[in-house]
Amino acid sequence: MIRQRVVLAAAAGATSALLLTACGSSGDSSSSTDSAAAASSAPASSAPAGNGDADGMGMATTSMLMTEEMEGMGTFVTDDKGMTLYRYEMDQASPSKSMCTGDCAKTWMPVMAQDSVKAMGVKQSLVGSVDRSDGMKQLTLAGRPLYRYMGDAKAGEMKGQAKDSKWYAVTPAGEKAAMSSDGSGSSEDMEGMPGMS
């Protein structure tokens, strides 16, 4: 008798889940809590390559590190969508450690490490990862954790370059990209340059 009740309860639960899925969202707060729990348990690699959200933290993913060259800036690293990747001067390279957490990680999205990230124009041996304090795994280059800037809306933009004198586009060697000799390098200066439209 007890076994029949358990089977009936399980069947009723499965039917309820199917009905909720078929009907879309409901006003029942428990179903939205279950949905949120299921979403937060999804692996980071399944998040879109753009803006994701894990416990309020922005995040980005990439399957490849590539290089871009710009007059006055030299060569810097981008993700597989051509978005500029940055390094943070407060981070540690050896051992790797990200110091950008909380609100910082909402503006400067940590690039999450996937199972395999290919490198084009970057030495594969320099590509690695670090475990963040929030438990997620972040991509590194020469030990430096990598980030994307929320202010960059399209491929080739570099609005985060030299931001607060702590954030710099990263070179293929993991160094900070140099500013042009006249100190320019703002997004306004870069728009209209080849590859910036």
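The values are calculated or read from the model by the stated rules, or taken from the named source; none is laboratory data. Keep in mind that this is a model prediction, so the values were computed, not measured. Ideal geometry is used to build each Cβ from the backbone, glycine not excepted, and the neighbour counts take in all protein chains shown. Note: accessible area is taken over every heavy atom of the protein model, side chains too, but ligands, DNA and RNA are not part of it. Shrake-Rupley method; radii C 1.70, N 1.55, O 1.52, S 1.80 Å.
So that you can scan it fast, the table gives a plain yes or no per residue for (1) assigned to a helix (DSSP H, G or I); (2) in contact with a Gly (Cβ under 7 Å, 6 or more places away or on another chain); (3) modelled with pLDDT of 95 or more:
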residue: SER125; (1), (2), (3): yes, no, yes
residue: SER133; (1), (2), (3): no, no, no
residue: ASP152; (1), (2), (3): no, yes, yes
residue: GLY160; (1), (2), (3): no, yes, yes
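From the set of residues in the range 75-90 that are open to solvent by less than 10 Å² (accessible area, probe 1.4 Å) and in a loop (DSSP other than H, G, I, E, B), which is nearest to ASP152 (Cα to Cα)?
The qualifying residue nearest to ASP152 (Cα to Cα) is LEU85.
Out of GLN124, GLN161, GLN114, GLN138, report the one residue that is surrounded by 15 or more Cβ atoms within 10 Å (Cβ to Cβ), closer than 20 Å to GLU69 by Cα and of a type in the set (S, T, N, Q).
Being surrounded by 15 or more Cβ atoms within 10 Å (Cβ to Cβ), closer than 20 Å to GLU69 by Cα and of a type in the set (S, T, N, Q) holds for just one of GLN124, GLN161, GLN114, GLN138, which is GLN161.
Applying the selection to the range 62-76, what residues are modelled with pLDDT under 90 and under 25 Å from GLY128 (Cβ atoms)?
Answer for the range 62-76, where residues must be modelled with pLDDT under 90 and under 25 Å from GLY128 (Cβ atoms): just MET73.
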